[in-house]
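Structure first, commentary second.
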Amino acid sequence: MMSCREVYGFLDEFLESRLDDLTKVAFAAHLLLCPACRNYLATYRATLLAAREAEWADCPPTEIPEELIAAILASRTAAVQNAGDHQC
Ligand SMILES: [Zn+2]
């Protein structure tokens, strides 16, 4: 059975689907039996996603249709107004 240390070493490959089938099975089997590694993988993946979002934030898409912005603003305003009417 794969050790926790080995699992940590394979995280990147696992998240990028670069593991061979045998390693993937051993990796998944370890995750099934080891809550600590499952937690670690979840945290690691969340951190990775957050980092990628931060990268994208630096270069936002340049072409946002004005109708889309208007629609988003309109729906936000409507939501705020609905929340204000809701008294319970
Ligand atoms: Zn483990």
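The set of residues in the stretch 32-42 being aliphatic (A, V, I, L, M) and within 12 Å of the ligand (Cβ to nearest atom) consists of Leu32, Leu33, Ala36, Leu41.
Residues are listed down the side, and each one gets a yes or a no for (1) closer than 20 Å to Arg52 by Cα; (2) over 23 Å from the mean Cα position of the chain (by Cα); (3) more than 12 Å from the ligand (Cβ to nearest atom):
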residue: Met1; (1), (2), (3): no, yes, no
residue: Cys4; (1), (2), (3): no, no, no
residue: Leu11; (1), (2), (3): yes, no, no
residue: Asp21; (1), (2), (3): no, yes, yes
residue: Phe27; (1), (2), (3): no, no, no
residue: His30; (1), (2), (3): no, no, no
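Remark: pairs (first residue in the stretch 4-28, exposed (fewer than 11 other Cβ atoms within 10 Å of the Cβ); second residue part of a helix (DSSP H, G or I); Cβ separation under 7 Å; 6+ apart in sequence or on different chains) are absent. Of the residues making up the stretch 1-50, those that are touching a helix residue (DSSP H, G or I) at 6+ places or on another chain (Cβ under 6 Å) and outside any helix (DSSP H, G or I) are Met2, Leu19.
Values quoted throughout were computed directly from the atomic coordinates according to the rules given, and no laboratory measurement underlies them. Computed from a prediction, not measured in an experiment: that's the story for all the values here. Here Cβ is always computed from backbone atoms with ideal geometry, including for glycine, and neighbour counts include all displayed protein chains.
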